[in-house]
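I have placed the structure first, in the form of structure tokens, so that the comments after it can refer back to it.
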Amino acid sequence: MSRHCAIVGMDVTAALGAGIEEVWAQMMRGSCGIRPMRRLPHGRYTTDFAAEVPSSVEAALRAKGGPNEDSLAYLMALATCRRMLRSLAGGPERIASARTGLVLTTTKAEVGQLERLAAAPGAEVGQRHNAYVLARDVAAALGLTGPVVSVSNACASGLIGIIQAAQLLRRGDAEMMVVVGVDVLAEFILAGFSALNALSAGPCRTGSGRRGGCRPTSVVACPYRSRPYAI
């Protein structure tokens, strides 16, 4: 017999702030979270703009994490999950009485650790560039006792993570699942999209006929279409 699943809580940490209420208020004011980058050098890539978490949010996260915690991805995921759990009826105690697991979705996890290792081979860095290690550490900090899964499937990661969680619930492997998606801005990611010509020099303008980005690099003929398409 099929088991129905429902989303019972949510939260967000993003370029417009931390928490559902803050982000919604900023959206209603017409605020834009795409600003000149502050954590990465300007003039090196196609754009100098990105959607970074505000400096005040990052500072608060790092203050809570302590001087020895260098993974912003971990701090963002953990803080977002904790706010979401506090918003549930019954609060964090609710997960203690259930087999609650975690699905963490990400594209590159804490890729900054790999960047530091590439710059200084042999340096001591954390292991949270591994998506499963990142997921395991977040689950442990939350005290979750159910299954822990990491999903890294580029832009589809979030949707796949929700599907994975639903499947675990329907199989009876868990009673509740937390799904969290996290990525941080890093030079590796910016360099990749810049090399693909997929970035606009200014803030993106979704749906605008005057938007930039994604310039075709070649054209091929497709036998199933009447006109060529760009790749």
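Readers should treat all values here as calculations from the given coordinates under stated rules, not as data from a laboratory. Small disclaimer: the values here were computed from a predicted structure and weren't measured.
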Three principal axis extents, largest first, for the C-alpha atoms of the chain, in Å?
56, 49, 45
Taking the chain as a Gaussian network, where each spring joins two C-alpha atoms under 10 Å apart, which residue of GLY209, GLY112, GLY33 fluctuates the most?
GLY209
Take the chain, connect every pair of alpha-carbon atoms lying under 10 Å apart with a spring to form a Gaussian network, then pick out the residue of ARG205, ARG62, ARG99 with the largest mean-square fluctuation.
ARG205
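As a test of the formula, what do you get for the chain when each DSSP H run with n ≥ 4 contributes -39,500 (n - 2.57) and the sum is divided by the residue count, at 222 nm and rounded to the nearest 500 deg cm²/dmol? Kindly include the intermediate steps, with their values, before the conclusion.
Details: 8 runs with 85 residues, N = 231.
Result for the chain, helices only: -11000 deg cm²/dmol.
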